Amino acid sequence: SYSSKQTAQCCFRLFVMFLFIVSCYDKFSTIKTNLTELLQGSQIKLSSLTEERNKLKTNLTEITEERDQLKTNLNEITEEHNRLQCLCKQSESVRDKAHGVSMMTATNNCKHNDQVKMIKSSHTTCPDGWKKLCLSCYFLSTKSGSWTTGREDCRTRGADLVVIHSAEEQVKCVFMFDTWIGLNDRDKEGTWKWVDGTPLTVTYWASKEPNNGNADGNVAEEDCVKVLGSQSSNWNDNLCEAS
């Protein structure tokens, strides 16, 4: 009958719908499973990223603290540097003042010694045959000989060859003939020293002197000095063995 047909069709449709629903359910279950897995994976990644972020924040905090510590250290070093600079300036000032006091003391001592010498000299006389000039006694030998011979002669008289440290002493050595003075470079060529061990400070060399005999390798070196009587007492280096 028509009613049975309709019932059958309705049942068929319901069955088809059931199959469709079952099929959709399976698909939805698969999608749900996939979404669940995707969500879990995302949560794991999020957790990992969160942990990494926290580590970075911790590192940033440590770096910030280290930077602040370095800034503090730099400030302390800068303050120490400024303090040391101040101390250096103070030290230089003290050194300069001490040097000034030392120089003043030395000058006063020299003046005092000169005054003492002058007082003593005014009460002393030179031996016979010696000439007194200012605070010293000078003996001009008439003998002819080498520089060494001249020095030995001076030593036998309790003296030594003349040492010239100033223009005043140079003026005293104006003689009529060539005369040995206590200057030589026998120890080291070109390094002139006086017989009392003091270095050469003021010079009165004649023109083109000293020339060491023009540095001729075939000629003995000129290591001893004479005052030239004919040239306003200028100096000339000569052979120490010359007379």
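How many residues does the range 164-188 hold that are modelled with pLDDT of 80 or more and touching a Leu at 6+ places or on another chain (Cβ under 8 Å)?
Matching residues across the range 164-188 total 7.
Just give me the residues in the range 119-133 being loosely packed, with under 13 Cβ neighbours inside 10 Å and modelled with pLDDT under 65, in sequence order.
ILE119, LYS120, SER122, HIS123
How many residues does the range 150-192 contain that are of a type in the set (S, T, N, Q) and without any contact (Cβ under 8 Å) to a residue 12 or more places away in the chain?
The number of residues fulfilling the criteria is 2.
In this structure, is LEU49 surrounded by 10 or more Cβ atoms within 10 Å (Cβ to Cβ) and either at pLDDT 80 or above or touching a Gly at 6+ places or on another chain (Cβ under 9 Å) (or both)?
yes
The values are calculated or read from the model by the stated rules, or taken from the named source; none is laboratory data. Computed from a predicted structure; not experimentally measured. As a convention, Cβ positions derive from the backbone with ideal geometry for all residues, glycine included, and neighbour counts pool all protein chains shown.
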